Amino acid sequence: NVYPGQKEASLYVAQKIATLIKAKQQASEKAVLGLATGATPVGVYRELVRMHREEGLSFYNVVTFNLDEYYPMQPHAEQSYVTFMYENLFSHIDIDKANIHIPDGTLAVEEVAAFCLNYEKKIEEFGGLDLQVLGIGRTGHIGFNEPGSAPNSGTRLVTLDNLTRSDASRDFGGKENVPTKAITMGIGTIFKAREIILMAWSRKKAPIIKKAVEGEISGEVPATYLQLSDHVEFVLDEDAASEL
Ligand code: GLP
């Protein structure tokens, strides 16, 4: 699904999310959203905030699960995905804070496995993810599922790829400050979502989008696993789609 620019594409995704939220409100149900960080979804969140302010879109029935968090990471740190989500979305909408779930970067290492199992369990308790939004890293990662991730992987502690840490170095004032690990939902977790939307903008993403959409399905490019799903949509701008 290719749009002229990221603005139009972001509007489309925000509309889809708003439609889901409203349909669930009509049915007196919760909308369970899987959310992503990074520059890519910022325009979607901006539009959702606008809909909240100007059109009265309410998030009272929305439950969110974020894909990932650096490890270790303090929630109040500037680079944490907690900070990112509050700055870009949660602080500006009427979501019940108890409905927000983000992997915990403050755990002791021996606590991580139990936390991850519980994260999966919580998603199930809410009836599973209605919609998962994704960006894509230049290694082909979704969430922080780096090359080598198994298609049935669950939420777990992973080691970040070198390229991923280079891409994050600006946020951290140098690559040496980028954590070497992260907690991420697995490919299997993402796959269980009833609907998946992967977004990508700009020429920088064109080579990896070509691989993800047209390349051989392989753990070397985890996003290629999405080719196996019949409920995934790639939402791209013309630049990201330019090598297809
Ligand atoms: C990080 C996040 C991913 C995101 C990727 C791309 O690695 N963990 O979820 O998709 O960055 O980031 P950006 O959207 O800034 O290009």
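Structural remarks
- Scanning region 37-59 for residues that are farther than 21 Å from ASP239 by Cα and in a loop (DSSP other than H, G, I, E, B), we see that the one that is nearest to the ligand (Cβ to nearest atom) is PHE59.
- Just one of the listed residues (ILE183, ILE190, ILE208, ILE217) is farther than 23 Å from ILE102 by Cα and within 13 Å of the ligand (Cβ to nearest atom), namely ILE208.
- When region 115-143 is limited to residues that are near the ligand (Cβ under 10 Å from one of its atoms) and of a type in the set (Gly, Ala, Ser), the one that is nearest to LYS211 (Cα to Cα) turns out to be GLY137.
- Residue within region 12-32 that is within 13 Å of VAL133 (Cα to Cα), surrounded by 23 or more Cβ atoms within 10 Å (Cβ to Cβ) and out of contact with any helix residue (DSSP H, G or I) (no Cβ under 7 Å at 6 or more places or on another chain) present: yes
- Taking helices (runs of 4 or more DSSP H) as the structural unit, those lying wholly within region 136-244 and holding at least 3 residues that are surrounded by fewer than 16 Cβ atoms within 10 Å (Cβ to Cβ) correspond to 162-172, 206-214.
We did not get these values from a lab; they are worked out from the coordinates using the rules stated. Note that this is a predicted model, so its numbers are computed, not measured. Quick reminder, even Gly has a Cβ in these numbers, built from the backbone with ideal geometry, and neighbours come from all protein chains shown.
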